[in-house]
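Report on one structure; see the data block that follows.
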Amino acid sequence: MKYKVNEKGYYGDFGGAYIPEMLYPNVEELRQNYLKIIDDAGFQKEFHQLLKDYVGRPSPLYLAKRYSEKYGANIFLKREDLNHTGAHKINNTIGQILLAEKLGKKRIIAETGAGQHGVATATVCALRNLECVIYMGEVDIERQAPNVARMKMLGAKVVPASSGSKTLKDATNEAMRDWINNPVDTHYIIGSVVGPHPYPDMVALFQSVISEETKRQLLEQTGNNQPDYVLACVGGGSNAMGMFYHFMDDENVKLIAVEAAGKGVSSGFSAATTYLGKEGVLHGSRSILMQTEDGQVVEPHSVSAGLDYPGIGPQHAHLFKTGRGQYVSITDEESLDAGLLLTQLEGIIPAIESAHALAYLEKMEFKGGENVVICLSGRGDKDLDTYIKYFNL
Amino acid sequence: MNRIKQLFETKKNILSIYYTAGYPNIGDTIQIAEALEKSGADMLEIGFPYSDPVADGPVIQASSKQSLDQGMTLKLLFEQLKDLRKNVTIPVLLMGYVNPVLQFGVENFCKACAEVGVDGCIVPDLPMVEYEEFYQGCFEEHQLSNVFLITPQTADERIHKIDGLTNGFIYLLSSSATTGKNLEVGNTTETYFGRIKDMNLKNPTMIGFGISDKQTFDKACAYANGAIIGTAFVKAIENGNIEENVSSFMKKFK
């Protein structure tokens, strides 16, 4: 339990709830109720029923044979890309929409970067018949047009965030402003393990189904529920936290979190937060973020919209600082090459986000026989334009 | 005696003006302060800009961005404020978000405030528990008042706690909203303002968010010791001559 949140909402030096008073009642209402609601047997039953029948869980743990041969280790892919809506994001939105209903909320807001969380939110809002407003950076609206169309089809209102860098962090600011202006009837479904306490813990709990299943599947397939390595990509860090969650206290399992180096960590166009960042406060929690000496948040860059975020969740900051997790980074080009390689060897087109985790295999050395689990957090359909342009397909 | 305390002891219907440092031009910070005092402002709140101001509406966001683009930093602001007390005698507070303060260093920040003659701070995203644990000692050592916000949704118990923790005034938000919305004093607002008035808090109160003209200012003063104007003032100084803009804006409140 030493990597989990404490009663004050902190993970070591990180976390807390740095929010203006206008948000205090909303966040406090959540803090007082989230564990009570989530731990309730009826809630758990409904949550798992929906994950099974609607999302399609458990997602397979697939031993990628040709891929394993290439790298000389047993590479297992946790197939979150096969979930309904195409990524891990839906695990969290199913959980939060049920929770919002229990709190009596009538209106749902969310931020989105690549559009995956926006689609997952709009989907559950359609499912449960709740009003849905999605904030999305103007730049992202342009580069993720199919997801914008999906959200609109699902009945969501997509509001462009036109402040700042017009990407994920600004969409998050706009969603927070909406919540300030609508303090009573609205629930804000944050899409990652970021934000004020209890969000990082709540989102991690909903995503922890990933590692819960993985442990069971590993035991069935290998006779050992502990792999040698677990890898996942990190933007804010929700798929990674879900993938790490039930392995955190198994100290012999190496956790590797892969950040987006963009055009290179020293290029000025990067999202490698732990490498470039310092401790500070962003979006309601104390964590590590990319910032100037004066404490202004720096615009990140990654070819993958889902990793284009200047911070990481506070629990990741804690895993990084304590050395429990190894935080590394992969460039735009390395990730795209890795995406193509997986496609050609295994017939799976990964999201560019997930391809960052895959790309790190190139930098690892195996003795042979190690078990490696990689979270394949999403499918690559949404990224075809980027792949097409890069490879001149 | 503390300038803030003295002001509230001697004056009613206090008019406090917020503006963003380094806006419209990077070097305007002191000139605006002096012009405001000359035109009859009772108190000043100087905003130090932040890249991600979640509690602010579009006008203050835009002024913050322009100021940052022009090179404003906390370090530069404290250099500009070295001359603050040459001509400015009214209370001055700094208002901004917690991350720039953290990077500057809490101790350094408090020390710099005291050196240039700043009387207090408003840091909307600094929670009470963090303030008590990590900031209060330093603020008190340098005799800085820390001002907390309350909204119509803030519970009585919490208001009493805030009242015990602050020693300047309490910032009453007219509604739960980002800055720049208009104040509509309807039944609910009146009940809320009345409820706060009846609590007999030890600290004076100032109403902010949504005050833009003489009419809304007078309404606010009926329930509190005064009111704070931000967005309307920032809009008024966007273009043209500072002295003239400030003086014609302030005439509306005479």
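We did not get these values from a lab; they are worked out from the coordinates using the rules stated. None of these values were measured; they are calculated from a predicted model. Heads up, the Cβs are rebuilt from the backbone with ideal geometry, glycines too, and the neighbour counts pull from every protein chain shown.
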Original post:
Within chain A, which cysteines find no other Cys whose Cβ is under 4.7 angstrom from their own?
Top reply: A:CYS233, A:CYS375
Original post:
Say the dipole of the range A:81-131 comes from +1 at the beta carbon of Lys and Arg and -1 at that of Asp and Glu; which of A:GLY113, A:HIS88, A:ALA126 then lies farthest toward its positive end?
Top reply: A:ALA126
**OP:** Take peptide B:147-157, look around each residue's Cβ out to 10 angstrom, count Cβ atoms belonging to other protein chains, and average those counts.
**Re:** 3
Original post:
In whole percent, what relative contact order does the range A:73-149 give with Cα contacts below 8 Å and a gap of six or more residues?
Top reply: 28 percent
Subject >> Charge context of B:ILE159, other residues only, Cβ under 15 angstrom, K/R +1, D/E -1 >> reply: -1
**OP:** Show me B:75-86, A:290-301, A:185-196 ranked by packing, highest mean number of other Cβ atoms within 10 Å first.
**Re:** A:185-196, A:290-301, B:75-86
**OP:** Kindly flag which residue pairs out of A:LYS52/A:LYS215; A:LYS78/A:LYS102; B:LYS86/B:LYS254; B:LYS181/B:LYS214 have an alpha-carbon separation exceeding 21 Å in this structure.
**Re:** A:LYS78/A:LYS102; B:LYS86/B:LYS254
Original post:
How many Cβ atoms of partner chains, on average, are near each residue of B:42-50 if near means within 10 Å of its Cβ?
Top reply: 1
**OP:** At 0.36 nm per residue, minus the direct Cα-Cα distance, what do A:GLU362 and A:GLU29 gain on full extension? Give it in nm, one decimal, please.
**Re:** 115.3 nm
Original post:
Using a Förster distance of 25 Å, how high is the FRET efficiency between B:ASN13 and B:LYS202, based on the Cβ-Cβ distance and rounded to 0.05?
Top reply: 0.80
Original post:
Counting Lys and Arg as +1 and Asp and Glu as -1, each charge on the Cβ, what is the dipole of the range A:107-161 about the Cα centre in debye, to the nearest 20?
Top reply: 220 debye
Original post:
Rounded, prolate or oblate: which one fits the protein assembly as shown, using the alpha carbon gyration tensor with axes a ≥ b ≥ c (rounded when a/c is under 1.5, else prolate when a/b beats b/c, else oblate)?
Top reply: prolate
Original post:
Mind listing the phi-derived Karplus ³J(HN,Hα) values for the range A:59-76, rounded to whole Hz, using 6.51, -1.76 and 1.60 with θ = phi - 60°, and x for any glycine or proline?
Top reply: 6, x, 9, 10, 7, 7, 6, 5, 5, 5, 4, 4, 9, x, 8, 7, 9, 9
Original post:
Can you list the residues, at least 5 places off or on another chain, whose amide H is less than 5 Å from the amide H of A:ALA161, using H built in the peptide plane?
Top reply: A:MET136, A:GLY137, A:GLU138
Original post:
So for the range A:244-393, taking the charge dipole from beta-carbon charges (+1 Lys/Arg, -1 Asp/Glu), which of A:LEU376, A:TYR275, A:GLY306 sits furthest toward the positive end?
Top reply: A:TYR275
Subject >> Two-site label geometry, A:GLN326 and A:ALA41: point separation in nm, points 7 Å out along Cα→Cβ >> reply: 4.4 nm
Original post:
So for the pair B:ASP83, B:GLN136, with labels modelled 7 Å out along Cα→Cβ, what separation do we get in nm?
Top reply: 3.9 nm
Original post:
How big is the gap, in Å, between the Cα center of the range A:322-393 and the Cα center of the range B:1-66?
Top reply: 50 Å
**OP:** Evaluate peptide A:180-186: per residue, the Cβ atoms of other protein chains within 10 Å of its Cβ; return the mean as an integer.
**Re:** 4
Subject >> Electrostatic dipole magnitude of the protein assembly as shown [Cβ: Lys, Arg +1; Asp, Glu -1; Cα centre; debye, to 20] >> reply: 880 debye
Subject >> Amide proton proximity set for A:SER377, modelled H, under 5 Å, gap of 5+ >> reply: A:SER354
Subject >> Overall form of the range B:41-152 per C-alpha gyration tensor (a/c, 1.5; a/b vs b/c) >> reply: rounded
Original post:
Separation between the A:ASP249 and B:ALA114 pseudo-spin-labels, each 7 Å from Cα along Cα→Cβ, expressed in nm?
Top reply: 4.6 nm
Subject >> Among A:LEU393, A:ASN147, A:THR172 the positive-end extreme of the charge dipole of chain A (Cβ point charges) >> reply: A:ASN147
Subject >> Relative contact order [Cα under 8 Å, 6+ residues apart], the range B:144-254, whole percent >> reply: 23 percent
Original post:
In whole Hz, what ³J(HN,Hα) sequence does the range A:225-232 give by Karplus (6.51, -1.76, 1.60; θ = phi - 60°), x for Gly and Pro?
Top reply: 8, 10, x, 7, 9, 10, 10, 7
Original post:
Taking Cα pairs under 8 Å and at least six residues apart, what relative contact order does chain A come out at, in percent?
Top reply: 20 percent
Original post:
What length, rounded to one decimal in nm, is gained on full extension from A:ASN392 through to A:LYS106, with 0.36 nm per residue of separation minus their alpha-carbon distance?
Top reply: 98.3 nm
Subject >> For the range A:121-148 and the range A:213-277, distance of Cα centres in Å >> reply: 27 Å
Original post:
Add -39500 (n - 2.57) for each DSSP H run of 4 or more in chain B, then divide by its residues: what number comes out at 222 nm, to the nearest 500 deg cm²/dmol?
Top reply: -12000 deg cm²/dmol
